[in-house]
Amino acid sequence: MCLLQQICYVRLKQLHKKYFRWTGTAEEAVHDHLKNYSRKIKQSCGKLKVWFVVHNLILIFATPFLCTDIIDGFKTIRTNNAVHNGLSVGFLMYTIVIWVAPLYFAEQLQNHDDKLCTRVNEFCPGTFREELERLRHAHLPNPPDVANANQVCNYTLHSRTEVNKFLSYLKNRKSGFLMGSYSFQLKLSMLSVFLAIFAFATRTVG
């Protein structure tokens with residue numbers, strides 16, 4: 001899951017640079033995103049979907065019971081110094097991280113999409129002028145496609161009208177695990193974890 005979201009992050013950064021210098025139509029940019037990103041992510045998530053749902057359900061229902069068992073273990077530790085308290089706390093944190101990490105990485109898929117929308121929404125004539133200035137101040141040889149301001153004006157997403165066309169697609173496009181309400185699944189799982197931690201803390205202190 002970590003590898004999947006990291007690949008998505010890198011791929012979207014590449015697409016951001018690609019669309020910054022896009023010379024086709026906004027409709028062609030939509031097709032390019034659909035072909036080279038959205039469909040591939042959908043296929044990858046489809047192969048992991050069953051595993052993700054099962055993992056989520058286990059996390060929701062099993063975490064409180066797991067913490068109850070660990071609390072009982074702590075009570076035993078108080079009367080038996082064979083196991084160090086720090087080791088048990090470390091095991092608890094390790095277990096929670098292992099269970100929660102896939103949910104965090106899955107959530108990142110949608111976060112990466114949102115970041116691309118934000119970056120595309122920043123496209124405007126001023127943004128392109130800033131890019132030209134950055135290249136000049138960096139003393140880099142100007143590539144052929146950013147040689148001068150007139151050439152930059154030929155980029156499709158230099159126009160806010162074209163940007164808005166592309167954004168209307170990006171804002172309605174979601175990636176990741178979309179069974180029912182994905183965000184609800186994640187938040188419900190997080191709630192289960194936090195309740196388990198709270199119960200663990202109160203009962204241990206008590």
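Taking the Cβ of residue 36 as the centre, find all other residues whose Cβ is under 11 Å away and add up their charges (Lys, Arg: +1; Asp, Glu: -1).
Summing Lys/Arg as +1 and Asp/Glu as -1 gives +4.
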Here, residue 10 and residue 115, labelled 7 Å along Cα→Cβ, have an inter-label distance in nm of 1.4 nm
Quick calc: nm separation of the 7 Å Cα→Cβ label points for residue 17 and residue 39 -> 2.5 nm
Sequence order, the range 97-112: Karplus ³J(HN,Hα) from phi using 6.51 cos²θ - 1.76 cosθ + 1.60, θ = phi - 60°, Hz rounded, Gly and Pro as x, gives 4, 4, 7, 8, 3, x, 5, 5, 5, 5, 5, 5, 4, 6, 4, 5
Expected vector for the range 117-125, Karplus 3J(HN,Hα) from phi with 6.51, -1.76, 1.60 and θ = phi - 60°, integer Hz, x for Gly and Pro, equals 4, 4, 5, 5, 5, 7, 5, 6, x
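The numbers here are math on the coordinates, done by the rules we state, and not lab data. Only a predicted model underlies this, so the values are computations on that prediction, with no experimental measurement involved. Ideal geometry is used to build each Cβ from the backbone, glycine not excepted, and the neighbour counts take in all protein chains shown.
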